[in-house]
1. In the list 80, 65, 84, which residue meets the criterion of being within 30 Å of residue 166 (Cβ to Cβ) and out of contact with any Phe, Trp or Tyr (no Cβ under 8 Å at 6 or more places or on another chain)?
2. With the condition being of a type in the set (D, E, K, R) and either outside the structural domain of residue 217 (by TED's automatic domain parsing) or within 26 Å of residue 168 (Cβ to Cβ) (or both), I'd like the helices (runs of 4 or more DSSP H) fully within region 60-112 carrying at least 1 qualifying residues.
3. Which residue is modelled with the lowest pLDDT, if the candidates are limited to region 23-65 and must be charged (D, E, K, R) and within 24 Å of the chain's Cα centre (by Cα)?
4. For region 569-576, check the following and say yes or no: at least one residue is under 35 Å from the mean Cα position of the chain (by Cα), over 21 Å from residue 462 (Cα atoms) and part of a loop (DSSP other than H, G, I, E, B).
5. Does residue 538 satisfy the condition of being outside the structural domain of residue 28 (by TED's automatic domain parsing), more than 25 Å from residue 89 (Cβ to Cβ) and not charged (D, E, K, R)?
6. Those residues that are under 35 Å from the mean Cα position of the chain (by Cα) and surrounded by 18 or more Cβ atoms within 10 Å (Cβ to Cβ), I need them from region 323-338; list them, please.
7. Here are some conditions: (1) surrounded by 12 or more Cβ atoms within 10 Å (Cβ to Cβ); (2) within 24 Å of residue 297 (Cβ to Cβ). Residue 430 meets all but one. Which one does it not meet?
8. Out of the residues in region 217-228 that are under 15 Å from residue 67 (Cα atoms) and among the polar types (S, T, N, Q), which is surrounded by the fewest Cβ atoms within 10 Å (Cβ to Cβ)?
Amino acid sequence: MTATVSPDFSDKKTLEKYSSAYTLSDMEIFIFPELFYPLVLANIMSPVIWRWRDDPWFMDMHRKNFISKANRIKQYIIDNYIFNLDLETWGLTDKETELERFSDFFDTELLKQSNALFGYEGDKYYFSIDIRHHFGLDKYESSAIPYWKTETVEAMTAFRHREYYTTGAGECVSLAALYAAAMFIVGQIPLEKIFMMATPLHSQNFIDEKDGLLTNNRRIMTKNMWFNGTSLSGKARRALENEKVTIVSHITGHIHTVYEKATIDREAYDTFSRKLRSFVKSNLTPAIFINFLRFKSEYKCLFQYHYLRTGTSHYITLDKLFEYEHSLKTSMNEETRDKLLSEVDSEEFQYDPVPGKIMLNEVEAFIRKHKDSDLRTIETEFTSSFPTEETECVKRMFADIREFIITNPKLPSADREFVPEIYPQISVNDSRDEIRNKIRELAGVSEMALLTLYSYREMSMTDWRPFVKAAIERNPVCHADLGGRHADEVYALINKLTNESIYDSGRLAQPDEVWNFRRGDGAEKAFLMADALIFNDPDAEVKISLEADQAVIEYNYRFYRFVTVKGLRKKILISRKEYREY
């Protein structure tokens, strides 16, 4: 079977884009946002997540409500995948190399402004602790940057084969793509409701179902969780509070903070923007106020609580109550407050109000009374209703309350040209085979479908040049062990790897995937060896011949053979100057 479309790979930008579909580094997705959703579709084409539906953990999923489904998927991901941002996993490149790659067709100054490792300064947290130190980059030269490649679901799952790993793993973009595919396959959530968001330092999804849901690394966040004041929620809020959203990607297309043209459906983007802004905004309620005080602990000192205990008035500072909350499973939230108070030692209470402290009970009644008022009015009324010497503290508190209950996500402006593109029409009722066939049939007219085939590693329907380019140019990890070795020694080391691919029939792993996971089919081992030979000998010319049951490397008039069951037939000549079939 031949490729349904032959992109013009004489164009540098096109070749870089399709080659990036195999490595999918964070910087490549920023340059080529068209790659973001094809990874989700490639995961949906994969058999891996479809097998989850047979797991007893997901029994009777069709009977569960949306949040129950989401929680089931979340727990499965937590149990089977860890977050991984290790610098050594996919190796390092450098700023100069990457800027040169993109300089002919992208304003590299914009890259520096929008990517953390090229100079972007957005998230106050990261830059207050020195981002290079935070990521462990300070031990390398200042130009060194990690590849941080986004893993397919196969590569994520294969981490269990690495030393010290007992489960799968992936970085934030990988986890976002995994969540999106799992929500569709297992949760039966239509792709039209799943929006992916990238910021310079993070990636997460917004699911437009009910009040909305955010997937954040391995976890999920409901609207109530966004405002619950816990440290976990605080971390999850950080990207949308402090960073620009550089890309929003959807089954209909994408919108990018830099590019003037957007392919995402305009109505879908407007709906997403409205729903997300609603998700991260709330009126001030007694429950939200308690959560705020939990989140911003410096304001607890302003308040005390009146408790009628055995018919007698008792008073206790909020500081003390939150100490008990911290050590017990119950909280100061209204539904569990009585249980918390019953656990407090009687000696902690006073019989008279604590001087200078505002009564929380009265504040809660005040907030209920003003439930329909704007925050500025509430602050004015609060100041007159609860006089205190801590006026500056109260003023700062309301400024922080505003930030807590109203987040203004910095989304790409809708003031641009929307150019709709053809995309796969996929339903939750489709089988895996039906989805694969739809994407394959559409690849001739839809770039999203075609890029999906490249991300999926559909070697029988794609041009191999982008795969070979990625394999030779952007797989540095194997060189740490194979660099400087004689060809015979390289062959012997590679041949010892388990003869088993992480991908199913007809799909190929990149060299560092083979080396990292210590396994690969003979065809994949051949590309790994070619990568090592050309790294060790920049003037080398290597031939790879894939036959029915063997992959043959020809180098310096010597032949090296590996066993393959991929069933691929191809003859390729590889050097630093060219990759071509012969």
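The values are calculated or read from the model by the stated rules, or taken from the named source; none is laboratory data. None of these values were measured; they are calculated from a predicted model. Neighbour counts are summed over all protein chains in view; Cβ atoms, including those assigned to glycine, are modelled from backbone coordinates with ideal geometry.
1. The unique qualifying residue is 80.
2. Passing ranges, in order: 66-80, 87-90.
3. 26
4. Taking every residue of region 569-576 in turn, at least one turns out to be under 35 Å from the mean Cα position of the chain (by Cα), over 21 Å from residue 462 (Cα atoms) and part of a loop (DSSP other than H, G, I, E, B).
5. Answer is yes for this residue.
6. 325, 331, 332, listed by residue number.
7. (2)
8. Step by step, filter region 217-228, then rank; the result is 224.
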